[in-house]
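*Asks:* Structure below; questions to follow.
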Amino acid sequence: MESPLSDFNIKLRRLRHYCGYTQNDLADFLNVTQPAYQKMERRAEPPRTKRLQQIAEFYEVAMADLLFEPFEALISKAKKSSAQPSIERAWHQ
């Protein structure tokens, strides 16, 4: 049976795109470089707990929601940028 976290990196990238943020936006908030944040989106497993808490704080969602909610449910809860793209763009990223 596949873990619900197996595609976390894809969900993280899609969430960022859907909410209208850049990798630099997240990197700045997390106080890491853009390449360091990019690695988080490329890894198969979620970041460590401290980073997960910070990412959840950025999007103003519970860490459990970030980890376990399906993408479609998560986007209704997540904080969006004022320059939010369409859901169609998020699906195709």
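The values are calculated or read from the model by the stated rules, or taken from the named source; none is laboratory data. What you see is a predicted model; the values in this text were computed from it and never measured. Here the Cβ positions follow ideal geometry from the backbone for every residue, glycine too, while neighbour counts run over all protein chains shown.
*Asks:* Mind counting the residues in segment 43-53 that are in contact with a helix residue (DSSP H, G or I) (Cβ under 6 Å, 6 or more places away or on another chain) and either basic (Lys, Arg) or surrounded by fewer than 18 Cβ atoms within 10 Å (Cβ to Cβ) (or both)?
*Replies:* Selection size over segment 43-53: 2.
*Asks:* If I ask for residues that are charged (D, E, K, R) and not in a helix (DSSP H, G or I), which ones from segment 40-82 would you list?
*Replies:* Hits for segment 40-82 are Arg43, Glu45, Arg48, Glu60, Glu69, Lys77, Lys79, Lys80.
*Asks:* Oh, and also: In segment 16-30, how many residues are touching a residue at least 40 places away in the same chain (Cβ under 8 Å) and in contact with a Pro (Cβ under 9 Å, 6 or more places away or on another chain)?
*Replies:* Selection size over segment 16-30: 4.
*Asks:* Looking at (1) assigned to a loop (DSSP other than H, G, I, E, B); (2) modelled with pLDDT under 90; (3) more than 11 Å from the chain's Cα centre (by Cα), can you tell me which one Val32 breaks?
*Replies:* (2)
*Asks:* Test Ala90 against the criterion of being under 14 Å from Lys11 (Cβ atoms), buried (at least 17 other Cβ atoms within 10 Å of the Cβ), modelled with pLDDT under 95 and not aromatic (Phe, Trp, Tyr), and give yes or no.
*Replies:* Considered against the rule, which asks whether it is under 14 Å from Lys11 (Cβ atoms), buried (at least 17 other Cβ atoms within 10 Å of the Cβ), modelled with pLDDT under 95 and not aromatic (Phe, Trp, Tyr), Ala90 comes out as yes.
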